[in-house]
Amino acid sequence: MLQKCEGIVIRRTAYGENNKIITIYTRELGKIGVMARGASKPNSRLSAVTQLFCSGYFLLTTSTGLGSLQQGEMVDSLRFIREDLFATAYASYIVELLDKSVEDKKPNPYLYELLSQTLHYINEEYDAEVLTFIFEMKMLPVNGINPVLNQCAVCGETEGEFSFSLREAGFICHRCLGKDPYHFKISPAAVKLLRIFYYLDLSRLGNISVKPETKKELRKIIDAYYEEYSGLLLKSKKFLKQIDTMKDMF
């Protein structure tokens, strides 16, 4: 059955001498894998549209197993992402996080918009690290691991000074710190940003400026929470950490 979809290439693998198997996250069908025959040939009409991060319209033959890519029309190659090492690292992590968090053929227009907006903001040279924080926070409910960020996870108090507790899966107020002696002490700025990133509609994003020390707090907490609760092992995460180390040297 032929189906036209709007989508973004989130994974690609060489298959044989000239073919590619690509995974596309589509608005209409969710995540779907297709064979792109001959796409590795330089003069192939499918060569450009099967590049990682490419967004466009795809004409697919779907089946119960692996589908087949018939045609593709590129809308945006996201050139800056593909040519900038740091942008590539963040975008690679984002698409792998999505890939490992969702099942095949389960449409979710909200997630499609989230992915599309995030990649386009990175391509427009917004702060890729901040965008990655936002994407990670918004993927938590997708993975069924919702932190308590609107109140103290122990007593429900909404006022006061807050720390972050892995044990209690969210913020704990200064009155309840004894419930978790291993809590993370974090600044009020980090508390505010974690809430904003979790609840903010990405389409309303302005120029958010985050201090380097606050970024380190956010990275520590988000990484720890994912490691504790998600069970996800992402190859791109190791590369991203290496890139972050390089960035600190510049």
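Can you give the angle from 0 to 90° between the axis of helix 128-139 and the longest principal axis of the chain, with both taken from C-alpha atoms, to the nearest 10?
Compared with the principal axis, the helix lies near 80 degrees.
Against the longest principal axis of the chain, how steep is helix 235-249, in degrees 0 to 90 to the nearest 10, with axes from Cα atoms?
Between the helix axis and the principal axis of the chain, the angle is about 60 degrees.
Along the charge dipole of region 1-123, pointing to its positive end and built from +1/-1 on Cβ of Lys, Arg, Asp and Glu, which listed residue (Gln117, Tyr57, Ala89) has its Cα farthest out?
Ranked along the dipole, the leading option is Tyr57.
Helix 188-199 versus the longest principal axis of the chain: what angle, 0 to 90°, nearest 10, using Cα atoms?
It works out to around 40 degrees.
Using a 1.4 Å probe over the heavy atoms of the protein chains, calculate the carbon and sulfur portion of the accessible area of region 141-199 as a whole percent.
Within region 141-199, the accessible surface is 51 percent carbon and sulfur.
Taking a probe of 1.4 Å, how large is the accessible area per residue of the chain, in Å²?
51 Å²
Picking from Asn143, Gly206, Gly72, whose Cα lies most toward the positive end of the charge dipole for the chain (charges on Cβ: Lys, Arg +1; Asp, Glu -1)?
Selected residue: Gly72.
Show me the GluC sites (Glu not before Pro) within region 1-93 that DSSP assigns to loop and that have at most 13 other Cβ atoms within 10 Å of their Cβ.
Glu17
What percent antiparallel are the DSSP beta bridges of the chain, to the nearest 5?
90 percent
Rg over Rh of region 1-68, using C-alpha atoms and the Kirkwood radius, what does it come to?
With Rh from the inverse mean 1/r over Cα pairs, Rg/Rh is 0.93.
Go from 0 up to the bin containing the longest alpha carbon distance in the chain, width 10 Å each, and give me the % of pairs per bin.
P(r) over the chain, rounded to whole percents: 7, 29, 32, 20, 9, 3, 0.
Out of the DSSP beta bridges found with both residues in region 28-91, what percent are antiparallel (nearest 5)?
Bridges in region 28-91 that DSSP calls antiparallel: roughly 80 percent.
Over region 1-140, what percent of the accessible surface lies on carbon and sulfur atoms, probe 1.4 Å?
Working: 2950 of 6100 Å².
Looking at region 1-140 in its full context, I get 48 percent from C and S.
With charges only on Cβ, +1 for K and R and -1 for D and E, what is the dipole size of the chain about its Cα centre, in debye, rounded to 20? Show your work: numbers first, answer last.
Values: 32 positive and 30 negative charges, 117 e Å.
Computed charge dipole of the chain: roughly 560 debye.
Multiply the residue gap between Lys179 and Ser209 by 0.36 nm, knock off their C-alpha separation, and tell me the result in nm, one decimal place.
Difference between extended and current length: 7.5 nm.
At q = 0.11 Å⁻¹, what log₁₀ I(q)/I(0) does a Debye calculation on the Cα points of region 114-250 give, no solvent, two decimals?
-0.41
The values are calculated or read from the model by the stated rules, or taken from the named source; none is laboratory data. Keep in mind it's a predicted model, so treat the numbers as computed, not measured. A quick note on method: Cβ atoms are made from the backbone with ideal geometry, for glycine too, and the neighbour counts reach across all protein chains shown. When the accessible area is computed, the model is the full protein with side chains, heavy atoms only, and any ligands, DNA or RNA have been set aside. Shrake-Rupley method; radii C 1.70, N 1.55, O 1.52, S 1.80 Å.
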